[in-house]
Every structure is written in C-alpha cells, then in structure tokens.
1. Mind telling me which of the residues 147, 83, 129 ends up being part of a strand (DSSP E or B), modelled with pLDDT of 90 or more and surrounded by 15 or more Cβ atoms within 10 Å (Cβ to Cβ)?
2. Can you tell me how many residues in segment 86-114 are in contact with a Leu (Cβ under 9 Å, 6 or more places away or on another chain) and either surrounded by 18 or more Cβ atoms within 10 Å (Cβ to Cβ) or at pLDDT 75 or above (or both)?
3. Just the residues that are more than 11 Å from residue 93 (Cβ to Cβ), modelled with pLDDT of 90 or more and not small (Gly, Ala, Ser), please, taken from segment 31-71.
Amino acid sequence: MPRNPRRPLARAIAALLAAIALVLLSMPSPSSAQAIGYVRVKIVKAGLVIGGGAGSGVLRWRGRSYPFSVSGLSLGITAGATIGRFDGWATGIRDISDFAGSYSSVGGGFALVGGVNGVHLRNENGVTIALQGPKAGLELAANIGVITIALK
C-alpha cells in the first residue's frame, strides 16, 4: 500500500499552526505588559565624603505625567556642591506604584562650573532608571548611594 506524500506536510503545517497559536496565547495583554517611561529630574546635592541631595522630577508613562520627589545619601569620594538636571528612561514598570521606592545607584561625575553626570538606578520592584545630563557647580564624585523616590 503506497504512503500518501501529503500526510507529513499536513502534519507539519498543523504543528506550525499550533505553535503559533500557543505563542499568541502566551503573550501578555497590553494591560499587563511593561511600558518604558521618560524621566526628567532636578537635583541639588552637596557633600564631603558623605553626600546628600534632594530634588523633584516627572515621570511620563503611558500618556500621563507623574510628579515625584527625590532624596538620597551617597558614600564615597564626594566633594563639593552641584545642581543637576537629568533626563533618561525608566524600564520594568508594570504599575505606577512600582516606580516609587528605594533605589541603589553607582555613578560618578565631575563638574567645575559645568559638567556631565550619569547614573543607573534599580529598585526592589525591578524598575531600572538610566539618567544623564549636565550639572553646574564644583564637585568630584565616585560614589555608591541610596535614593528614595516618592510619588506626589
């Protein structure tokens, strides 16, 4: 009895369609998917070995603006005082409440009247913020810090 040459092809197509359906069904719905947010922050900081800072910012996420306050401490090589404005991106946000919390940071920078700074932050909810921008003042910094963000 001869074998039907179309049967293996039909099985392969059926398996491919089943795999595609499985992938589509397992994808997160738009309501539970993560979205990237745009962050803008102004910070004033000063210190000698131990530094402190405070500021405010706005998170633009899913078409809405969320104002927040920033406060923090740093330990390391810190000397001087600066005012900075930073822009960047926040990732890993599933719900707006994920954004608030304590962030750990590792960053560094140099400013003499004007300079640049960059920092990467991560909180206990898995939100990561990458910021960079100009600052003005006199500071040399290479430190590790903890930053607290509170939604207003």
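1. Details: 147 fails: modelled with pLDDT of 90 or more; 83 fails: modelled with pLDDT of 90 or more.
It is 129.
2. Qualifying residue count for the region: 15.
3. Passing the criteria: 38, 40, 41, 58, 60, 64, 67, 68, 70.
The values are calculated or read from the model by the stated rules, or taken from the named source; none is laboratory data. Keep in mind that this is a model prediction, so the values were computed, not measured. Cβ atoms come from the backbone with ideal geometry, glycine included; neighbour counts cover every protein chain shown.
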